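Peer 1: Below is a structure I'd like to ask you about.
The values are calculated or read from the model by the stated rules, or taken from the named source; none is laboratory data. This one's a predicted model, so the numbers in the text were calculated from it and none came from an experiment. Virtual Cβ from ideal backbone geometry, glycine too; neighbours counted across all protein chains shown.
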Amino acid sequence: METILGLDLPTWWFLVIGAVFTGYAILDGFDLGAGALHLFFRKEASRRIALNAIGPVWDGNEVWLVIGGGALFAGFPHAYATVFSAFYVPFMLFVVALIFRAISIEFRSKEPMRWWRLTWDISYSVSSVLVAGILGILLGNLIRGIAIGPDYEFTGSTRDFLNPYALLTGLTVIALFMMHGAIYLAIKTENRLHAKLMVLVKNTSRFFVICFVTLTMATLIYIPEMAEKFRRYPELFAVPALTILASINIRRWAEKGIYWRAFLFSGLTSALLLGLAAIGLYPVLVPSTLNPAWDLTIQKAASSDPSLRNMLTIAAIGVPIVAGYTVFVFWTFRGKVKLDDSSY
């Protein structure tokens, strides 16, 4: 098998896909968190400011999801087929929630009636929570494993996905994104709305810490394979240690009122949590709960070496371009939100 800098091509592609999905979690995570918090704002002006805080960036942030899905299909087509067929119903709910989130943002301010705006406010908030929750449930099931047979086809039912561990993971992702979104909105707002968001940052960070600690304990109890991997390789404990330090620094900088630093550590926490999941799974992409021999590993799921090599070259060119564009958009729309005639 061909290697680059000591790593085989499937491993490189595993890292690329992980980096892209991490970018999506960090960027669209605060959008979804802002949406989940939307109904906490009572005043019309506050809701408009919160919408306009994410207005220039939310649709661009979703590009990372499209790239991640395309990269998974290109690099690991067998895993793509297994995951999308197994999670067909959750993915359809996910897509519907994404659609309602988008049209809620765009339609809300098209009419002045209070009932119209309230309807889309509720739709926006509920769909944001659903998207975040479904992402967490999918991640929880991938960590726990799903019922796939020797032919890598899913043999379970949709009800299997609503297990306690996956639901707890979904709740943790919602809590993480709410905290991430509250911090972002605190950066973009001022005056009384900013003061309200200071309280929301404290409350959502507490909520996240409770969920994170509970999920960690559940993982150690119900996913013994992951705990065993960390015992076998003690150096991996650096990742959970960094995760704890990052989460501590979120509260530290938020309490000092330096929200952009709190936001950076919130994003770092998201990245490290996904890193923990990736480390626990590697080299498995989709674990089988029926038989470890039927686990879908990166070697079994990968495309041919020439395909991976060519696509890796394309990714090395394309991903930095998208990242550069993202940085440009954030820099262009930096500063506090001001409402005008072109605002949502």
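Peer 1: Being more than 15 Å from the chain's Cα centre (by Cα) and either at pLDDT 90 or above or surrounded by fewer than 15 Cβ atoms within 10 Å (Cβ to Cβ) (or both) narrows it down to one residue among Leu139, Leu185; which is it?
Peer 2: Being more than 15 Å from the chain's Cα centre (by Cα) and either at pLDDT 90 or above or surrounded by fewer than 15 Cβ atoms within 10 Å (Cβ to Cβ) (or both) holds for just one of Leu139, Leu185, which is Leu185.
Peer 1: Give me a count of the residues in the range 300-338 that are part of a loop (DSSP other than H, G, I, E, B), closer than 13 Å to Ala71 by Cα and aliphatic (A, V, I, L, M).
Peer 2: The initial filter retains those residues of the range 300-338 that are part of a loop (DSSP other than H, G, I, E, B), namely 302-304, 333-338.
Checking which are closer than 13 Å to Ala71 by Cα leaves us with 302-303.
If we keep only those that are aliphatic (A, V, I, L, M) too, we end up with 302.
Result for the range 300-338: 1.
Peer 1: Given the condition touching a Pro at 6+ places or on another chain (Cβ under 8 Å), in a helix (DSSP H, G or I), among the aliphatic types (A, V, I, L, M) and closer than 30 Å to Ile244 by Cα, answer yes or no: does some residue in the range 168-177 qualify?
Peer 2: No, the range 168-177 has no match at all.
Peer 1: Looking for whichever is over 30 Å from Ile49 (Cα atoms) and among the hydroxyl-bearing types (Ser, Thr, Tyr) here; the options are Tyr165, Tyr184. Which one fits?
Peer 2: Tyr165 is the lone residue from the list that is over 30 Å from Ile49 (Cα atoms) and among the hydroxyl-bearing types (Ser, Thr, Tyr).
Peer 1: What helices (runs of 4 or more DSSP H), lying completely within the range 202-285, carry at least 2 residues that are in contact with a Pro (Cβ under 9 Å, 6 or more places away or on another chain) and closer than 24 Å to Thr297 by Cα?
Peer 2: In the range 202-285, the matching helices (runs of 4 or more DSSP H) lie at 224-232, 259-281.
Peer 1: Anything in the range 286-299 that is assigned to a helix (DSSP H, G or I) and over 18 Å from Gly18 (Cβ atoms)? List them, or say none. Steps first, please.
Peer 2: Taking the range 286-299 first, the residues assigned to a helix (DSSP H, G or I) are 292-294, 298-299.
Within the range 286-299, Pro292, Ala293, Trp294 meet the criteria.
Peer 1: Now for a different question. Looking at the range 74-95, which of the residues that are within 17 Å of the chain's Cα centre (by Cα) and free of Cβ contacts under 8 Å to residues at least 60 places away in the same chain is nearest to Ala147 (Cα to Cα)?
Peer 2: Phe91
Peer 1: For the structure I just gave you, tell me whether Leu51 is out of contact with any Leu (no Cβ under 9 Å at 6 or more places or on another chain), among the hydrophobic types (A, V, I, L, M, F, W, C) and either more than 30 Å from Ser157 (Cβ to Cβ) or at pLDDT 90 or above (or both). It would help to see each step written out before you state the result.
Peer 2: Values: out of contact with any Leu (no Cβ under 9 Å at 6 or more places or on another chain): yes; among the hydrophobic types (A, V, I, L, M, F, W, C): yes; either more than 30 Å from Ser157 (Cβ to Cβ) or at pLDDT 90 or above (or both): yes.
Here the answer is yes, as Leu51 does meet what is asked.
Peer 1: Could you count how many residues in the range 170-197 are among the hydrophobic types (A, V, I, L, M, F, W, C) and free of Cβ contacts under 8 Å to residues at least 24 places away in the same chain? Let's see the steps before the verdict.
Peer 2: As a first pass, look at the range 170-197 and keep what is among the hydrophobic types (A, V, I, L, M, F, W, C): 171, 173-179, 182-183, 185-187, 193, 195, 197.
Going one step further and asking which of them are free of Cβ contacts under 8 Å to residues at least 24 places away in the same chain, we end up with 195, 197.
Qualifying residue count, the range 170-197: 2.
Peer 1: A further question follows. I'm trying to understand the selection: among the residues of the range 20-49, which are of a type in the set (Phe, Trp, Tyr) and over 20 Å from Thr119 (Cβ atoms)?
Peer 2: Phe21, Tyr24, Phe30
Peer 1: Of all the residues that make up the range 33-83, how many are buried (at least 17 other Cβ atoms within 10 Å of the Cβ), touching a strand residue (DSSP E or B) at 6+ places or on another chain (Cβ under 8 Å) and in a helix (DSSP H, G or I)?
Peer 2: The total comes to 3.
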